[in-house]
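Written below as structure tokens is the structure these notes are about.
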Amino acid sequence: MPNLTSLTLDLVRLDDEDLDKICECFPGLQVLNLRVVGQLKDPQVRFLNLRSCNWTLVCAPNSVAVVAPKLQKLKIDCTRPNLLVLNTPVLEEMHLCILESNRYMVGELKLKSIYLESMELHNLIQRAFPYVNSVRSLTLWATHSVERTGTCVCLGSLSRNFPNLETLTLSPRVWSELEGHLCPGCLEVRTDNNLTELQRIIAYLVLNNVDTTLSFITAVAGSCPGLKEMALLIHRDVVSSVSRNVIAKCEAYCPRIRWRWGMWKEGTQDVWISDQLKSS
């Protein structure tokens, strides 16, 4: 069926040979969805005309490869492949969920938006995305425990990896990790003239230590001169008086920033309280 342009397979077992046969039989595919696919060992997706790929692997393959010269949107959800290979030169949007991987072979990228979910975010970024100046939107989501001391994500490293970043979204664990590892390099962001393009930060707060959180927010606001908006969601279990105190101090410290406030909790939908919630 050379004229087929869209294919979705759900809850199936495929051998590597089966996937190779799909690539051969449907050369005109533009949209490929492989959801909850198991049994693959060294799978390769190779399509000349593919534009969008959504791929969820329930197994732990030795390697995963995507070779698609016209691919624009890619979502991969995998566990621990020893090798991840991406040959996608015009890719614009990537959603990558991967616990960890030993090796990454990523060709030249023109990504505009990246979502990264991993238990080793620092290693993933440094190995797969050491320098991508085209990225405008970045979401970082840490799974399980945070990384070992000395291998953590920090603002300084993000400014070097993604110098033209405009929007940054941080999960609760990543935000807490950044709070706890505010290195001198992070405070040099202002003098290094990095992250000057950053305009918006969206973050999920736990408020384990209010003073630490406020100090970090102050450092971020002072280090990012182009920052226009901070959208912060506070955990629902935080006492309301504590939340109001944080809100009041943030808005008083930096009135030039547009503050948005909301609430979050595991298993529930995020709720935005208002665009400019007052302490009163």
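Rounded to the nearest 5, what % of the DSSP beta bridges within the chain are antiparallel ones? Expressed as a percentage, antiparallel bridges in the chain total about 5.
Averaging Cα coordinates gives a centre for segment 94-131 and one for segment 1-49; these two points are 23 Å apart. Relative to the 2.2 N^0.38 Å rule of thumb, the chain has a C-alpha radius of gyration ratio of 1.11.
In the chain, taking the dipole from charged Cβ atoms about the Cα centre, the farthest positive-side position among Pro225, Ser176, Leu138 is held by Pro225.
Computed across segment 10-97, the Kirkwood radius stands at 12.7 Å (inverse of mean 1/r, all Cα pairs). For the chain, lysine pairs with C-alpha atoms less than 13 angstrom apart, excluding pairs fewer than eight positions apart on the same chain, total 4.
Bear in mind that the values in this text are calculations on the coordinates, not laboratory data. Predicted model only: the values in this text are computed from it and were never measured. No Cβ is skipped: glycine too gets one built from the backbone with ideal geometry, and neighbour counts run over all protein chains shown.
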